[in-house]
Amino acid sequence: MHTEETTHVQVQPADKAKIRKIWVTAGILAVVTALEFLVAFTIPLEMATLRIAIFVGMTIVKAFYIVGEFMHLKYETKVLIWSILVPMIFVVWMLVAFVYEGMSIFDDKYLN
Amino acid sequence: MSTTAHTIDQPNRSIWDGGQSPLKASYGKLMMWFFLLSDAFTFSALLITYGLVRSAHPAYEGAADAFTFSNNYWPIPEKVFEAVPFLHGVNLPLVFVGIMTFILIMSSVTMVLAVEAGHRMDRKNVEKWMLWTIIGGLTFLGCQAWEWAHFIHGTDSGTVMKFLVNGEWIEKTIFGANLSVNQYGPPDFAAFFFFITGFHGTHVLSGVVLNFIVYYNAVTGVYERRGHYEMVEKVGLYWHFVDLVWVFVFTFFYLV
């Protein structure tokens with residue numbers, strides 16, 4: 001389809017707004033990572049549930065920007081977006097099932 | 001007669017019969033997406049198994065300040081990863097991993113800039129940003145090599161651990177880590193460190209190789225002659241995915 005030789009190439013000028021958006025996304029990722037560090041050092045380790053909830057939330061925010069903006073998925077057709085996102089349900093299910101299983105193993109080994 | 005001609009001109013074809021891209025993405029990009037989906041399952045399996053094994057081990061209970069390494073409970077990650085190159089003996093929890101995360105995010109940014117330049121047929125900028133991406137990838141690999149070396153060699157004093165050998169408890173000082181024993185915690189802890197960061201590092205390494213091939217082709221004008229820089233986009237998808245996986249490894253292995 002695209003094998004034909006092009007003899008002279010026209011370089012298009014850069015779209016300032018587009019490049020700005022890339023750096024804004026990069027800035028968001030850097031700020032969220034910095035906030036993760038802040039949480040890691042300010043919220044005491046004893047408050048494990050709160051820490052985990054914040055970390056998971058921030059990770060999802062970062063994943064959204066990487067996949068949506070950098071990988072451009074936000075701007076693809078709806079069918080493509082859903083065919084990538086819907087299978088992730090299996091991962092969520094697997095996470096819940098396996099961590100629950102791990103806690104049951106712990107109970108069997110150390111409590112009973 | 002005219003009606004028959006009309007049906008021949010416009011055959012009743014669906015968008016899946018060929019000649020166009022039904023999802024408005026090229027075949028190569030689509031297949032990269034589905035490969036990445038399957039790769040996401042592999043990484044999820046590794047991280048979720050980490051969750052399973054960790055929740056099957058006792059957690060450290062007690063004041064965080066009084067934490068010591070023991071094979072009786074799972075270690076607190078930030079107590080394990082607290083070393084930085086050239087700053088021997090200084091306690092800097094998670095600082096080096098933070099630097100590594102920053103390097104990988106930056107190389108992801110330079111990759112988008114390379115893709116953006118490719119859209120504009122701007123060969124000079126594609127070359128420049130691809131080179132920065134490769135440098136970022138190699139720096140990350142170098143950091144990981146140091147991290148592994150430090151993890152394997154361990155701390156100066158090691159950890160005294162008790163083992164049950166032939167029905168008798170014996171004490172032994174353990175330095176560093178291997179797949180059967182480590183000074184930081186239960187054997188599984190080091191095994192997961194090696195497997196998860198190792199599998200991710202392998203992805204980074206193959207990403208750097210792919211980036212180099214694309215860089216080489218851009219420099220020799222292959223894509224300019226072809227008339228488009230779609231290969232930069234496809235390899236870019238892979239590179240962003242590697243960054244995405246690191247975001248999850250960072251959270252679930254180092255922070256939680």
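The values are calculated or read from the model by the stated rules, or taken from the named source; none is laboratory data. Computed from a predicted model, the values in this text were never measured in an experiment. Every residue, glycine among them, receives a Cβ derived from its backbone with ideal geometry; neighbour counts consider all protein chains shown.
A few comments on the model shown:
- On the stretch given as the stretch B:78-133, residues that are of a type in the set (A, V, I, L, M), more than 26 Å from A:Val32 (Cβ to Cβ) and surrounded by 16 or more Cβ atoms within 10 Å (Cβ to Cβ) total 5.
- Number of positions in the stretch A:84-112 that are more than 8 Å from chain B (Cβ to nearest Cβ) and under 26 Å from the mean Cα position of the chain (by Cα): 8
- Some residue of the stretch A:66-89 being touching a residue at least 40 places away in the same chain (Cβ under 8 Å), under 28 Å from B:Glu78 (Cα atoms) and not basic (Lys, Arg): no
- Residues satisfying the stated conditions in the stretch A:49-77, i.e. polar (S, T, N, Q) and in a helix (DSSP H, G or I): A:Thr49, A:Thr59
- Tallying residues that are in a strand (DSSP E or B) and surrounded by 12 or more Cβ atoms within 10 Å (Cβ to Cβ) within the stretch B:163-198 yields 5.
The rows are residues; the columns are (1) modelled with pLDDT under 95; (2) assigned to a strand (DSSP E or B); (3) among the hydrophobic types (A, V, I, L, M, F, W, C).
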{"position": "B:Gly19", "(1), (2), (3)": "yes, no, no"}
{"position": "B:Phe43", "(1), (2), (3)": "no, no, yes"}
{"position": "B:Ala83", "(1), (2), (3)": "yes, no, yes"}
{"position": "B:Val90", "(1), (2), (3)": "yes, no, yes"}
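- Top-ranked residue in the stretch B:48-77 [being among the aromatic types (Phe, Trp, Tyr) and within 11 Å of chain A (Cβ to nearest Cβ); ranked as surrounded by the most Cβ atoms within 10 Å (Cβ to Cβ)]: B:Tyr50
- Residue check for A:Leu80: surrounded by 13 or more Cβ atoms within 10 Å (Cβ to Cβ) and either aliphatic (A, V, I, L, M) or in a helix (DSSP H, G or I) (or both): yes
- Test for B:His119: is it modelled with pLDDT under 95 and facing another protein chain (nearest Cβ under 8 Å): yes
- Among (1) under 23 Å from B:Val242 (Cβ atoms); (2) at the interface with chain B (Cβ under 10 Å from one of its Cβ atoms), the one test that A:Glu46 misses: (1)
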